[in-house]
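Novice: This is the structure, below, for whatever I ask next.
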Amino acid sequence: MILRESDWRAQRLRFHTDIRSTKIAQLETRKQMSVLIYDEAAKLQLRLSGTAWVEASAEADTAWQMSTPFARRCYMADVAPGTVVDTPTSGLPSWIEGRKPDEAQLIHARDNFAVLLFFI
Ligand SMILES: Cc1cc2nc3c(=O)[nH]c(=O)nc-3n(C[C@H](O)[C@H](O)[C@H](O)COP(=O)(O)O)c2cc1C
């Protein structure tokens, strides 16, 4: 996952994810989570333990609005991330491949988007 924000004072990391992904279902039954980070330039590996919070409403709305259309397009995928497929695919419907979606086309994609907060 891409680290979207780190708040040192709150000891909190923010990630964006697809609510259909396996990790979300796992975190619903068990809030404990670990994060492994590798900083290639610093040659530094961090292993962090903490608890997770999945935010699908208010804070997710803000993060959604602040994301670019191309970033939000990832959430237009027909199937959940991690789904086993027969041939390599982005998972996106073919009509949006290589195109920038407009706001109307992105409306349903919002349902798949969630903010994953991690408290160290
Ligand atoms: C370059 C790149 C960036 C990615 N960024 C994210 C991300 O920010 N959030 C996320 O949930 N998955 C991201 N993924 C997909 C994850 O690697 C993973 O396949 C997906 O989350 C499903 O994992 P799960 O089955 O453990 O939930 C990214 C994949 C790639 C290749």
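The values are calculated or read from the model by the stated rules, or taken from the named source; none is laboratory data. All values reported here derive from a predicted model rather than from experimental measurement. Here Cβ is always computed from backbone atoms with ideal geometry, including for glycine, and neighbour counts include all displayed protein chains. To get the accessible areas, we keep the full protein, side chains included, count just its heavy atoms, and leave off ligands, DNA and RNA. Shrake-Rupley method; radii C 1.70, N 1.55, O 1.52, S 1.80 Å.
Novice: So if we plug the beta-carbon distance of Ile107 and Val85 into 1/(1 + (r/R0)^6) with R0 = 35 Å, what FRET efficiency do we get, rounded to 0.05?
Specialist: The pair Ile107/Val85 has a calculated efficiency of 0.85.
Novice: Also, I was wondering about something else. Of Leu36, Leu48, Leu27, which is the most mobile in a GNM of the chain whose springs link Cα atoms less than 10 angstrom apart?
Specialist: Judging by the Gaussian network model, the answer is Leu36.
Novice: Suppose all protein chains stay in the model; what accessible area per residue would a 1.4 Å probe give for the chain, in Å²?
Specialist: Accessible surface, normalised per residue, equals 69 Å².
Novice: Once label points are set 7 Å from the Cα along Cα→Cβ at both Trp95 and Met66, what is their separation, rounded to one decimal in nm?
Specialist: Simple spin-label model gives 3.2 nm for this pair.
Novice: Where the convex hull is taken over the Cα atoms of the chain, what is its projected area averaged over directions, in nm²?
Specialist: 9.0
Novice: Counting only protein heavy atoms and a 1.4 Å probe, tell me what percentage of the chain's accessible area is made up of carbon and sulfur.
Specialist: That share works out to 54 percent.
Novice: When the chain is modelled as a GNM with alpha-carbon springs shorter than 10 Å, which of Glu103, Glu55, Glu40 fluctuates the most?
Specialist: Highest fluctuation among the options: Glu40.
Novice: GNM on the chain, C-alpha springs below 10 Å: top fluctuator among Asp18, Asp86, Asp61?
Specialist: Asp86
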